[in-house]
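K.L.:
Here it is, the structure in full.
Each value in this text was obtained by applying a stated rule to the coordinates, not by laboratory testing. As the structure is a prediction and not an experimental result, all values here were calculated from the model. FYI the Cβ positions are ideal-geometry reconstructions off the backbone, even for glycines, and counts take in every protein chain you see.
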2 protein chains.
Amino acid sequence: MLDCGEGTQLQLVRYGLRTHRINFILITHLHGDHFFGLPGLITSMALFGRKDKLTIAGPAPLKGILDQIINIGDAHLPFDIVYIVCDPEKPQIILKGNHYEIESVPLKHRIPCTGFILRETGPELKLNIDVCEKLGVPIAWYERLKAGEDYRTEDKKLIPNHDLTLAGTKNRSYAYITDTIYDENVASYVSGVTLLYHESTFLHQMLARALETFHTTALQAGKIAAISGVESLLIGHFSARYHDANELLLEAQSVFENTLLAEEGKTYVL
Amino acid sequence: MLDCGEGTQLQLVRYGLRTHRINFILITHLHGDHFFGLPGLITSMALFGRKDKLTIAGPAPLKGILDQIINIGDAHLPFDIVYIVCDPEKPQIILKGNHYEIESVPLKHRIPCTGFILRETGPELKLNIDVCEKLGVPIAWYERLKAGEDYRTEDKKLIPNHDLTLAGTKNRSYAYITDTIYDENVASYVSGVTLLYHESTFLHQMLARALETFHTTALQAGKIAAISGVESLLIGHFSARYHDANELLLEAQSVFENTLLAEEGKTYVL
């Protein structure tokens, strides 16, 4: 889960998502719309009898605030929380799994803030099983082939990897960049991701307000997408002043065509 | 506003209530369903440009938690918050206005907790203006007559109050009692109030669970209402296990007939 504003539990119920399936919660910064739903979500997880470890990544003060709220309510959590402190100054791999990794990247907002990049890191090749079996490649070699190695037979003959494998699924990546002022460093962090979510709080005619409040305009979000060579851009975090988000969409699309509008409850498939 | 669980802002919007009309927030205790909506409500009030003082009464640690959350988010509130610490050990008048007062009363829950009693304290008599004018009672006397004094004319003649006044509006009172184990002290605190809201988390067949979690059964809530001689009882705070709250209503009514069910969004006129 990326950020957890007030009322997140209600949204989970509305969209049929189960809290026990959430194992990682990544909090960008400590403004209310990004974490005020967290105490309620955690205490509800306790009420539902959760046993599985929960990992929470976020700014340094988050653990203290949550501990205090949980202790004052005399809540005894039946599960462990593992906290990861995100560095607001430099990019950092904060989690590494078998076939994925999560990186936090520094953003420039009014208070310490980091974005997150989620990357699949599994093998992108799949075995050409017919050829492997015909040549008698031992099963012990299969993972090495999927990782890109060439195969050397017992009689030292080299069989190149591309004879034994086929193109598999390309690893996907998702960057979640909110809240931030326009910052071209972001373009280098998110370079080449499959889908970039970037905040677009204002239209570019409100640039002065964007600079003052450390937010980005739709035009600037499009520019970051264009510079960084991402496949698609998803814009959101719109100021409540905009009743028709299509204005923001058109502005971003004027710089980066493959832009989508983040709509409540909608699923975006990478 | 009595308590402020997560999502209170959404409910205010749903029922067309305006946050700027809220001047007092009374928090019974620091379990999430009673205060997790408060940080969001306060920061939204700031966003909406509130200038008026806000008074918050609640347990001692509340100020520290809210200060910390507001400071970490670097929010600068454009209004003052006045905190009142409620004594979890003994009843205490915490606010006195021109024609009302608010009392906090100690409850017995798993953590420090107080209920609140809101009482009108205005004059219950209105002037019999025809008689007053006929007898030439000076206008300066009017407030004293409404407060129940007899009138003495310039020539020392005593005119009894009941000749100069009529029955006016009876002062109303509302007691908000949640969360608590069954406690007959509560009956003495709320004695004679117009409307008693009392938590009724369980049916009486779940008495053991009620004792264990420091909650009250519907039967017990009815009993408190009967002992204390209130006019009406409003029960709420039902366990999610009850899909039909009428079971709880019938149980409370078996002891105290004039019982109502607290329903979301419904207005109860005293």
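K.L.:
Sort B:Leu250, A:Leu164 so the one with the fewest other Cβ atoms within 10 Å of its own Cβ comes first.
P.N.:
Lowest count first: B:Leu250, A:Leu164.
K.L.:
Which of the three applies to the range B:61-124, rounded, prolate or oblate, going by the alpha-carbon gyration tensor with a ≥ b ≥ c and a/c under 1.5 meaning rounded? Don't skip to the answer; put the middle values down first.
P.N.:
Working: a/c = 4.01, a/b = 1.44, b/c = 2.79.
Oblate.
K.L.:
Rounded to the nearest 5, what is the percent of antiparallel bridges among the DSSP beta bridges in the protein assembly as shown? Present the calculation step by step, with values, prior to reporting the outcome.
P.N.:
Details: 42 of 86 bridges.
Percentage antiparallel, nearest 5: 50.
K.L.:
Taking 8 Å as the Cα distance limit and 6 or more residues as the minimum spacing, I'd like the relative contact order of the range A:1-85 as a percentage.
P.N.:
Details: 120 pairs, mean separation 27.3, N = 85.
This gives 32 percent for the range A:1-85.
K.L.:
How high is the relative contact order of the range A:150-265, in percent, counting Cα pairs under 8 Å that sit 6 or more residues apart?
P.N.:
Numbers: 206 pairs, mean separation 26.4, N = 116.
It rounds to 23 percent for the range A:150-265.
K.L.:
Would you please classify the overall shape of the range B:139-270 from the alpha carbon gyration tensor, given that a ≥ b ≥ c denote the square roots of the eigenvalues, rounded means a/c under 1.5, and beyond that prolate means a/b larger than b/c while oblate covers the rest? Each step should come with its number before you reach the end.
P.N.:
On the way: a/c = 3.91, a/b = 3.04, b/c = 1.29.
Since a/c reaches 1.5 and a/b is larger than b/c, the shape of the range B:139-270 is classed as prolate.
K.L.:
Kindly give the distances from A:Asn71 to its copy-mates, label point to label point, with each label point 7 Å from Cα along Cα→Cβ, as nm values to one decimal ordered shortest first.
P.N.:
1.6
K.L.:
Sort shortest first the distances from B:Glu154 to its counterpart in every other copy, using label points 7 Å along the Cα-to-beta-carbon line, and give them in nm.
P.N.:
Taking the point 7 Å beyond Cα along Cα→Cβ, the inter-copy spacings are 13.3 nm.
K.L.:
Then there is this: Please compute the average number of Cβ atoms from other chains found within 10 Å of each residue's Cβ in peptide A:4-13. Could you put the intermediate results ahead of the total?
P.N.:
Working: counts 0, 1, 12, 7, 2, 2, 3, 0, 0, 0.
Rounded to a whole number, the mean comes out at 3.
K.L.:
Once a ≥ b ≥ c are taken as the square roots of the eigenvalues of the Cα gyration tensor of chain B, is the result rounded (a/c under 1.5), prolate (a/b larger than b/c) or oblate (a/b not larger than b/c)?
P.N.:
Values: a/c = 2.32, a/b = 1.39, b/c = 1.67.
The shape class here is oblate.
K.L.:
Just how many pairs of Lys in chain B have C-alpha atoms closer than 13 Å, counting pairs that are eight or more places apart or on different chains?
P.N.:
Values: B:Lys90/B:Lys108; B:Lys126/B:Lys146; B:Lys126/B:Lys170; B:Lys146/B:Lys170.
So the count works out to 4.
K.L.:
Okay, moving on. When only Cα pairs under 8 Å and 6 or more residues apart are kept, what is the percent relative contact order across chain B?
P.N.:
Details: 526 pairs, mean separation 32.4, N = 270.
In percent, rounded to a whole number, it is 12.
K.L.:
Another question, then. Loop only by DSSP, 16 or fewer other Cβ within 10 Å of the Cβ. Give me the GluC sites (Glu not before Pro) in the range B:173-270 that pass, ordered by residue number. It would help to have the intermediate numbers written out before the result.
P.N.:
Values: sites: B:Glu184, B:Glu199, B:Glu212, B:Glu231, B:Glu247, B:Glu251, B:Glu257, B:Glu263, B:Glu264; in loops: B:Glu231, B:Glu257, B:Glu263, B:Glu264.
Loop-located and lightly packed - B:Glu231, B:Glu257, B:Glu263, B:Glu264.
K.L.:
Calculate how steeply helix A:38-47 sits against the longest principal axis of the alpha-carbon atoms of chain A, using the helix alpha-carbon long axis, and give the answer as 0 to 90 degrees to the nearest 10.
P.N.:
70 degrees
K.L.:
Looking only at other chains, what is the average number of their beta-carbon atoms within 10 angstrom of each beta-carbon in B:69-76? Walk me through the numbers on the way to the answer.
P.N.:
On the way: counts 9, 1, 2, 11, 10, 6, 4, 0.
Neighbouring Cβ atoms belonging to other protein chains average 5 per residue here.
K.L.:
Okay, next question. On a 0 to 90 degree scale, rounded to 10, what angle separates helix B:62-72 from the longest Cα axis of chain B?
P.N.:
Around 60 degrees separate the two axes.
K.L.:
Measuring from centroid to centroid over Cα atoms, what is the spacing of the range B:1-34 and the range B:239-253 in Å?
P.N.:
24 Å
K.L.:
Turning to a different aspect of this structure: For peptide B:26-37, compute the average count of partner chain beta-carbon atoms within 10 Å of each residue's beta-carbon. Write down the numbers at each step before the final one.
P.N.:
Numbers: counts 0, 0, 0, 2, 5, 5, 11, 4, 1, 4, 10, 4.
Counting Cβ atoms of other protein chains within 10 Å of each residue's Cβ and averaging gives 4.
K.L.:
Using only Cα atoms, find the angle between the long axis of helix B:218-228 and the longest principal axis of chain B, and express it within 0 to 90 degrees, rounded to the nearest 10.
P.N.:
For helix B:218-228, the angle is close to 20 degrees.
K.L.:
For label points placed 7 Å from Cα toward Cβ, what is the shortest-first list of nm distances from A:Leu261 to its copies?
P.N.:
4.1
K.L.:
Ok, one more. When ranked by the protection proxy of mean other Cβ atoms within 10 Å per residue, highest first, what sequence do the peptides A:186-198, A:65-77 form? Present the calculation step by step, with values, prior to reporting the outcome.
P.N.:
Numbers: A:186-198: 21.7, A:65-77: 16.4.
Going from most to least packed, we get A:186-198, A:65-77.
K.L.:
Step through the residues of the range B:55-61 one at a time and calculate ³J(HN,Hα) from phi using the Karplus curve (6.51 cos²θ - 1.76 cosθ + 1.60, θ = phi - 60°), rounding each to whole Hz and writing x for Gly and Pro.
P.N.:
9, 10, 10, x, x, 3, x
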